[in-house]
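These notes concern the structure reproduced below.
Just so it is clear, none of the values below were taken in a lab; they were calculated from the coordinates. All of these numbers come straight from a predicted model, not from anything done at the bench. Every residue, glycine among them, receives a Cβ derived from its backbone with ideal geometry; neighbour counts consider all protein chains shown.
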Amino acid sequence: MNKRRNNIIQLAILVALAAAVALPLILPRMTEARVVATPLELSVILRDTDSSLWANARMGMEQAAAEHGVEMRFLTLTTQGDCAEQEELLRREAEGDTDMLVIAPADTQRLSRQLRELVGQRTVVSVESELEGAELSVLPDNAALGHALAQTAMEDWSGGTVLLLNTAPESAGVLERLEAVRQTLAGHGVPVCEKTVKISELTGALHELVQESGAVQIMAFEPAASECAAAGKESAQLSQPLYGVGSTTDIAAWLERGTICAVAAWSEYAAGYLAVEGAALTTRGETYKMEPLPFSIVRGEEIYDPDNQKLLFPVTY
Amino acid sequence: MSIQMVISLSFTAVAVVCLVFMGLSLSLRFTANTEKLVEDSSQRVISQVNLNLDSYLRRMMRVSNTMYYRVVKDADIAEDSLTEGMNLLYEENRDALVSVAVFDSSGNLISAVPLSTLKEAAVPEESAWFRAAMEKMENLHFSTPHIQNLFDDPDYRYRWVVSLSRHVQLTRGGATESGVLLVDMSFYGIEQVCRDVELSNGGYLYLIDGSGELIYHPRQQLIYAGLLEENNLIAATYRDGTHQESFQGKSRQVTVKTVGYTGWKLVGVVPAESLAENSQQMLLFGLSLLLFVVFLMAYLNFRISAHISDPIRSLEHAIKELEAGCEDVEIEEKGCYEVQRLGHSIRSMVSTMRHLMEDIIEQEEQKRRSELEVLQSQINPHFLYNTLDSVIWMTEAGRHEEAIQMVTSLARLFRISLSRGKSVIPLSSELEHARYYMNIQQIRYKNKFSVQINALPGTEGLYTLKLVVQPILENAIYHGLSSAEDDGLITVTARREEDDLVIEVADNGMGMRPEVADSLLDEDRPDVRTSGSGIGVRNVHRRIRLTFGERYGLSIHSEPDVGTRVEIRLPALDETQAERYQRGGGA
C-alpha cells in the first residue's frame, strides 16, 4: 500500500517536473506569437487626380503604417471625382488581398449604397465625407467648419454677393461645408450665388463666374477647388478675396502671396495618421473611437505663427 | 506521517524557502541591475549623441566664424560684395545649410545666399534670432526650429531650419556698424544626428531647447498635429542625470544631458513598462526554474528519504513480527551507520531476550521439577509402606506403645510436611519434622542409631526452607548407618553464622570418598532414583539455590569409616523476610 502510494507520489512529482521543464520553453514562444502581428494590406483610394493634394495626409498615413505594421497602396483617379472609376478601383482592390480601405468618396450617396457589395466585410475608413457603412470616418465637423469660414468672410464683407463654388456636388462633406456657409451668410443677410463647376474647368471659368454673379467674395470648399480658384484669380487678376479650405503647400503659398485671404485648415497629417491607425486597429478587433478633427481658420498674415507653421508645414527633412 | 514523508516534506520545505528567498533576492538584484544597465546604456547613447550634436553645432559655429572673420569682417560693404565669399562657403556646406545672410542693425539685407531677395512681408529685425543677436552681442544664438520665411523662393519651398545668429561688426565706407550674421541650418542635419537612436527597451530620444520647446522628436509631427503629447516642458526643468517621472499615467525613466553652449537638452525616455515587461519575462523564467528545481528537489528528497527510511521501516516491520510472535524474524543490519547500529542493538537485544526466556523457562522447569520432588518426598510410598508395615507388625506383636508413638510421629510428620502449603517454615518446625522422622526410623531400625537435634542460641525465630533436613537424614540412615552397628549417631545442629543459618547433619557411618561426596551434588549426574543415588540430597541443594541463590546450598564432607557431615547453608530469615520469600519476592 505504502509502496503504491510512494510510486504515485513519485509519478506526480515527475509529471510536475516535466511541466516545469516545458513551461519556460513554451511561454516565451507564446509571448513572441502575441508580439509579432501579421502585416495588414491597406488601399487608399482618393477622389482626386492629383495626389499632391494629399501629400501631408500621406505622410501621416505612412507614419501610422510604419507603427502599426501596414503595407499601403495609394491610388488616385484618372478623372476628378469619377465615381464609376472609384467603384471599379474598390472592386479591384477588394478582389485582391487588401485587408482594409481608406476612401475619400467621390459620390457619397452612391458609394454608401454599394459599399458592402464592393468591398465585402473589409474595414472601410472614409475621409473628408461621412460614409454610411464605413467603420470609421476621419473628418472635421464640416458644418462647423463652414460656419467658421463664413464668419471669417463676413468679417471682411462690406456688401455684395458672395460666390460659392460647388465643385463636388456628389461629395457629402464638401456639400455640408457649402450648405453651412450658405446658411450662415444667409442668416446674416449676405447674398450668395452658388455656381457648380468642374475642378478641371474652374481656373479658366472663374473670371466669368465672378462676372456673372457680380461677386465681391469667392469661396471654395475643397483643397483642389481652393488651389484652382487661386490660380484662376491670379491669372484673371481678380481682386475679390478668396476663401478656401485646405492646408497644402500650394495653398500656404497662395495665402502668403495674398491670393487666398483665409482658409479653414485642419491637420492633414493627423487625418492621414488617424485614418490608417483606425483602420488597422479596427481590423485587428480593437475598439477605436474617432473624434472630429479640430480645425482652425488661417489668414494669410498668420501663416508663420508658430502653431500655424506646425499646421501648414509638416516637418520634412 | 511516515518518517520518509517527514524527511521528504521537511527537506523540500526548507529547500523551497531557501529557493524562494534566493529567487527574490536575485530578482530584486536583477531588477536593480537592469534599471542600472538601462540607465547606463541611456547615458552612454545620449553622451554619444551629444558628442555628435556638439560636433555638428561646432561645425555650424565654425561656418559662422569663417563667414564672419574671412568674408564679412574685412570687407567694406559700401564697396565690396560679400556674395562671392558667402557663396563659396555655402557651397562647401550646402548639405547642412539652407541660407546665409548678413543684415545691418536695422534689419536691411546686406547680402544673402543662395536666395538673395527678401519677401515683401519679411521683417527680420522683429525676428527672435535678430533680437537675440543684437541684445547679446558676444554670443552665438541658436533658435528653435521654424519655417525659413525671409527669402522669396520661386519654388515656394517652406523649409524647417534652426537659425544660428550672431552680432557682427560691419564696415561701411570705413566706418564700423553693427549687423547680424544669420546662418540657417537645415533641420536635416540635426535630424541626422538624432534619428534612428534607439535606447534600451523601446526607449527614444528627443531634443529640446532650454525652455522646453521641441527641436527634434522622432514623432514630432504627431505632437505638432496634437495627436501626441510629450513631457518636454517638465523635462526642461530636469538637471543632467537620470530621473523617474510619471507622464500620462505611465512611469518612465528619463535621462537628461545638456548640450554644450546651446543650453539644449537631450532627453532619453525609457518606458518603465518595457522594463517591467523584461522583468516579467525574467520572473516567468525564474518561476519556471523555481518550479523545476522545487520538483527536482522534491523528487530527490523523496528518493533520499526512502533510502534513509527503508532500513528503519524494515526494522519496524521486523519488530512488529516479533510482537506478533514470529520466531524466525530476520533483523537486517543495513542503511546508515546509526541505523545499522540500531539494527545491531535490536538484534543483540532480541538474542539476549531469547536467552533470558530460555533461562526462565529452564528455571521454571527446574522449579517445577524440584517441587515435584518435594511432593514425591512428602509421600514417599516406600517410607509410608514400611512405616505402616512396622505399625502393623508392632501391633500384632503387642507393642502398642511403640505403634502409637510411630503413628503419632507419622501424623505430625505429615502435618509439618503440609505446613498449610507454605514453602518457608520456622526452623523449629523443620527440626521437629526431622525429629518425628527420626523417631519413626529409630523404631523401624530398632534403635541401631541415636539422634541428637540441637538448635544453638541465635537461631530462635529463624525460618528455613521446608523439608531440607529430612532427605539428608534419610540419606544418612540409608547410606551411612543402615549397615552399621548399634553405636550409630546422627547429629542435627542448627547455628547462626552472621547472616546465614547453617544446619549441620553429621553421622558417624561408613562415610565415602571425598570425590564421591563431591559428585553427589553434581548437576550432570543422572536423576535416577535408586537407593544410593543421592537424588534427595541434590534436590535439596537445587531447591535452596533456586530459592536463595548460588551462595547457598549444601556442602558435603565425608571420609570413609569416619562419617559424613552435610552442611545446609541458608539465609538467616526472620518472619518478615520469610513471609516475603513465601510470596515469591525474594530478599
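Here are the numbers:
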{"item": "Simple Cβ-charge dipole of the stretch B:1-308, Lys/Arg +1 and Asp/Glu -1, about Cα centre, in debye nearest 20", "result": "1580"}
{"item": "Charge context of A:Q109, other residues only, Cβ under 12 angstrom, K/R +1, D/E -1", "result": "-2"}
{"item": "Inter-chain Cβ neighbour average for residues A:6-14, partner chain, 10 Å", "result": "4"}
{"item": "Lysines with Cα under 20 Å of B:K136, excluding same-chain neighbours fewer than 8 positions away", "result": "B:K73"}
{"item": "Under 29 Å from the Cα of A:K198 - lysines, other chains or at least 8 residues apart", "result": "A:K233"}
{"item": "Ranked packing of A:85-95, B:243-253, most packed first, by mean Cβ within 10 Å", "result": "A:85-95, B:243-253"}
{"item": "Phi-based couplings in Hz for the stretch B:470-479 (Karplus 6.51, -1.76, 1.60; Gly and Pro marked x)", "result": "4, x, 5, 5, 4, 5, 5, 5, 6, 9"}
{"item": "Pairs beyond 24 Å (Cα-Cα), from B:K367/B:K422; B:K446/B:K466; B:K36/B:K257; A:K289/B:K250; B:K36/B:K250; A:K195/A:K310", "result": "B:K446/B:K466; A:K195/A:K310"}
{"item": "Listed peptides A:159-165, B:403-409, B:32-38 by packing density, highest first (mean Cβ within 10 Å)", "result": "A:159-165, B:403-409, B:32-38"}
{"item": "Beta bridges by DSSP in the protein assembly as shown, antiparallel share as percent, to the nearest 5", "result": "65"}
{"item": "Mean-position separation - Cα centroids, the stretch A:119-166 and the stretch B:266-345, in angstrom", "result": "77"}
{"item": "Amide hydrogen neighbours beyond the local backbone of B:I215, cut-off 5 Å, H modeled", "result": "B:L207, B:I208, B:D209"}
{"item": "Per-selection Kirkwood Rh - the protein assembly as shown (Cα, Å, 1 d.p.)", "result": "40.6"}
{"item": "Packing-based exposure ordering (other Cβ within 10 Å, fewest first) of B:W393, A:W157, B:W264", "result": "B:W393, A:W157, B:W264"}
{"item": "Under 19 Å from B:K119, Cα to Cα: aspartates and glutamates that are on another chain or at least 8 residues apart", "result": "A:E234, A:D250, A:E256, A:E301, A:E302, A:D305, B:D104, B:D152, B:D153, B:D155, B:D184"}
{"item": "Given charges at Cβ of Lys, Arg, Asp, Glu: the protein assembly as shown dipole, positive-most of B:P124, B:F414, B:Q221", "result": "B:F414"}
{"item": "Listed peptides A:131-143, A:244-256, B:456-468, B:123-135 by packing density, highest first (mean Cβ within 10 Å)", "result": "A:244-256, A:131-143, B:456-468, B:123-135"}
{"item": "Per-residue average of Cβ from other chains inside 10 Å of B:219-231", "result": "6"}
{"item": "Residues B:F187, B:F285, sorted so that the one with the fewest Cβ neighbours within 10 Å comes first", "result": "B:F285, B:F187"}
{"item": "A:I260 long-range amide H proximity, modeled H, under 5 Å", "result": "A:L255"}
{"item": "Relative contact order for the stretch B:379-582, counting Cα pairs under 8 Å that sit 6 or more residues apart, in percent", "result": "20"}
{"item": "Per-residue [θ]222 nm for chain B (sum of -39500 (n - 2.57) over DSSP H runs n ≥ 4, rounded to 500)", "result": "-16000 deg cm²/dmol"}
{"item": "Pairwise label distance in nanometres, B:Q452 with A:E208, each label 7 Å out on the Cα-Cβ vector", "result": "18.8"}
{"item": "Estimated vicinal HN-Hα couplings, Hz - the stretch A:220-227 in sequence order (Karplus 6.51, -1.76, 1.60; Gly, Pro = x)", "result": "10, 10, 8, x, 4, 5, 4, 5"}
{"item": "Helix-derived mean residue ellipticity, 222 nm - over chain A, DSSP H n ≥ 4, -39500 (n - 2.57), to 500", "result": "-17000 deg cm²/dmol"}
{"item": "Neighbour-count order for B:E474, A:E302, fewest beta carbons within 10 angstrom listed first", "result": "A:E302, B:E474"}
{"item": "Karplus (6.51, -1.76, 1.60) ³J(HN,Hα), θ = phi - 60°, over the stretch B:4-18, in Hz, Gly and Pro reported as x", "result": "5, 5, 4, 5, 4, 5, 4, 4, 5, 4, 4, 4, 5, 4, 4"}
{"item": "Mean Cα-pair separation over length for chain A, i.e. relative contact order, pairs under 8 Å, 6 or more apart, %", "result": "18"}
{"item": "Residue-count net charge about A:L11 - beta-carbon cut-off 12 Å; Lys, Arg +1, Asp, Glu -1", "result": "+2"}
